[in-house]
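As structure tokens, the structure follows; a few thoughts come after it.
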Amino acid sequence: METAQRQVKSRNESFAERQVTKIWQETAVLEAPYTADSCRCHGYDLFELMAKRSFVDILFLLFQGELPDPDQEQLLEKLMIALSNPGPRHAATRAAMLAGVGKTDPAHILPIALSVLGGSHLGAGEMEDAMRFIRKQRKKDPAQTAREILAQMEKPAAGDWHPVPGFGSRFGGIDSLTCQLTDRLAELPGAGPALAWSKAFSTALHPHNMGILATGMAAAVFSDLGFHPRTGGGLLQLLCAPGILAHGLELANKPITAMPFPKDENYIIEEE
């Protein structure tokens, strides 16, 4: 039996001679050219940034190429606080807690949890779509948009319903905490049209027992701050990481019995 030979074709691509970045500039030590003597982030000296700016400023600078104005800095900082801990009910936090109590190497707890946060359910996987949805719809009437979307879709018989990325129900109802956080953020001077529209769209969903979710709140703020939709997922993971890691490490030195174990009656095997 002859084995078909796969024809190999040249991709005819020319690769870069060295890696290039506009974000970071390093001045090498003369005696050791692979180590740096000084660094600049988008032209700003690292030591000056350490002396005069906050971590919020540097985060903004890394992705935007410029430092934020005071209103932008405040808005991003308040969002960072709001997202700093998704809470123990979030699947990513539970993953961290289970990894910790299961005696996973502490250095691996956060990567495990962030892989869960990378999913599309209340996670980074829906951030780009949420930002693009808000960008596309924010010039339209939010109440009318809500009516049109709900008229075109059928609510599932069970479980949460997210008719659009970043908005829907959580545990069968409105995510009250996120709605309150969104209200606070919308009052800040740095808030813009994306956040205002998202707040109004959320209100229009309330009669249907739905509203804005943490991913929608983050998507709106990121949009107002000028972040590209493709950065949304990674930024969400970054901002949620502190609380997720804290919960995982909290259980790292505790026995496995510190977490509940589902009883037999909680396991359901559906018949074919």
Step by step: first the residues of segment 147-174, then only those that are free of Cβ contacts under 8 Å to residues at least 40 places away in the same chain and in contact with a helix residue (DSSP H, G or I) (Cβ under 7 Å, 6 or more places away or on another chain), then the one that is most open to solvent (accessible area, probe 1.4 Å). Which residue is that?
Ile174
Selection from segment 59-77 of residues that are over 18 Å from the mean Cα position of the chain (by Cα) and either over 19 Å from Leu236 (Cα atoms) or surrounded by fewer than 18 Cβ atoms within 10 Å (Cβ to Cβ) (or both):
Gly65, Glu66, Leu67, Asp69, Pro70, Asp71, Gln74
May I ask you to list the residues in segment 94-113 that are assigned to a helix (DSSP H, G or I), more than 23 Å from Ile212 (Cβ to Cβ) and open to solvent by 40 Å² or more (accessible area, probe 1.4 Å)?
Leu98, Pro106, Ala107, His108, Leu110, Pro111, Ile112
Those residues that are in contact with a Leu (Cβ under 8 Å, 6 or more places away or on another chain) and open to solvent by less than 10 Å² (accessible area, probe 1.4 Å), I need them from segment 218-235; list them, please.
Ala218, Ala220, Val221, Phe222, Leu225, Phe227
Subset of segment 67-111 [touching a Gly at 6+ places or on another chain (Cβ under 6 Å) and either on the phi > 0 side of the Ramachandran plot or of a type in the set (D, E, K, R) (or both)]:
Asp71
Answer yes or no: is there a residue in segment 209-217 that is in contact with a Pro (Cβ under 8 Å, 6 or more places away or on another chain) and either open to solvent by 10 Å² or more (accessible area, probe 1.4 Å) or among the aliphatic types (A, V, I, L, M) (or both).
yes
Which is within 27 Å of Leu83 (Cα to Cα) and of a type in the set (D, E, K, R), of Lys155, Lys139?
Lys139
Out of the residues in segment 241-272 that are small (Gly, Ala, Ser), part of a helix (DSSP H, G or I) and under 28 Å from the mean Cα position of the chain (by Cα), which is surrounded by the fewest Cβ atoms within 10 Å (Cβ to Cβ)?
Ala246
For Ala252, work out the one condition from (1) free of Cβ contacts under 8 Å to residues at least 12 places away in the same chain; (2) more than 30 Å from Phe133 (Cα to Cα) it doesn't fulfil.
(1)
Kindly list, by first and then second residue, each pair from a residue in segment 38-56 that is within 17 Å of Asp71 (Cα to Cα) to a residue that is open to solvent by less than 60 Å² (accessible area, probe 1.4 Å) and assigned to a helix (DSSP H, G or I), limited to pairs with Cβ atoms under 6 Å and residues at least 6 apart or on different chains.
Val56/Glu73; Val56/Leu76
Given Leu238, Leu195, Leu181, Leu188, which one is open to solvent by 30 Å² or more (accessible area, probe 1.4 Å), assigned to a helix (DSSP H, G or I) and under 24 Å from Leu67 (Cα atoms)?
Leu238
Could we say that Pro88 is touching a residue at least 12 places away in the same chain (Cβ under 8 Å) and part of a loop (DSSP other than H, G, I, E, B) here?
yes
Taking Lys140, is it more than 23 Å from Gly248 (Cβ to Cβ) and part of a helix (DSSP H, G or I)?
no
What is the one condition in (1) modelled with pLDDT under 95; (2) of a type in the set (Asp, Glu); (3) open to solvent by less than 50 Å² (accessible area, probe 1.4 Å) that Glu26 does not satisfy?
(3)
Please specify each residue of segment 90-112 satisfying the condition of being of a type outside the set (Ser, Thr, Tyr) and under 18 Å from Phe261 (Cβ atoms).
Ala91, Arg94, Ala95, Ala96, Met97, Leu98, Ala99, Gly100, Val101, Gly102, Lys103
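The values are calculated or read from the model by the stated rules, or taken from the named source; none is laboratory data. Only a predicted model underlies this, so the values are computations on that prediction, with no experimental measurement involved. Counting neighbours? That spans all protein chains shown, and the Cβs are built from the backbone with ideal geometry, glycine included. Remember, those area values only see protein heavy atoms, side chains included, never the ligands or the DNA or RNA. Shrake-Rupley method; radii C 1.70, N 1.55, O 1.52, S 1.80 Å.
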